[in-house]
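Colleague: Dropping a structure here in structure tokens format, bear with me for questions.
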Amino acid sequence: MSSAGRAILADMSCGICYDTLALVLHAKGDDDEAARAQAIAVNLTPDGYDTDEMRQRWYEYSSAAPGTRRPTRSSTSAPLVACSDAGC
């Protein structure tokens, strides 16, 4: 298990830990799981943190993973919206 995975087990509310896990998964070529972890990271990261880069990575991982729900790119400050290819 990766350090990021162990960190998540220690604190499942750690958005930064999920962000790191998503980076690791993406580096291993598992974009489906990277997109899921990144979505959790963005949603768990508290207000006051800059999530623009996290949102960009979520979009990139989701775009690379066929069939994965991906966020809309309308605005980085808008509430998160995940959509399917058919719905966007």
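The values are calculated or read from the model by the stated rules, or taken from the named source; none is laboratory data. Predicted, not measured: the structure shown is a model, and the values here were computed from it. Don't worry about glycine lacking a Cβ; one is built from the backbone with ideal geometry, like all the others, and counts go over all protein chains shown.
Colleague: Would you please name the residue that is farthest from Gln56 (Cα to Cα), looking only at residues in the range 1-23 that are in a loop (DSSP other than H, G, I, E, B) and at pLDDT 90 or above? Working first, answer last.
Modeller: The initial filter retains those residues of the range 1-23 that are in a loop (DSSP other than H, G, I, E, B), namely 1-2, 11-14.
Filter again for at pLDDT 90 or above, leaving 11-14.
Details: Asp11: 24, Met12: 22, Ser13: 21, Cys14: 19 Å.
Top of the filtered list is Asp11.
Colleague: Please state which of the following conditions Gly29 fails to meet, knowing it meets all the rest: (1) out of contact with any helix residue (DSSP H, G or I) (no Cβ under 7 Å at 6 or more places or on another chain); (2) assigned to a helix (DSSP H, G or I); (3) among the small types (Gly, Ala, Ser).
Modeller: The one condition Gly29 does not meet is (2).
Colleague: While we're here: Name the residue, out of Asp30, Asp85, that is surrounded by fewer than 20 Cβ atoms within 10 Å (Cβ to Cβ) and modelled with pLDDT under 90.
Modeller: Residue meeting the stated conditions: Asp85.
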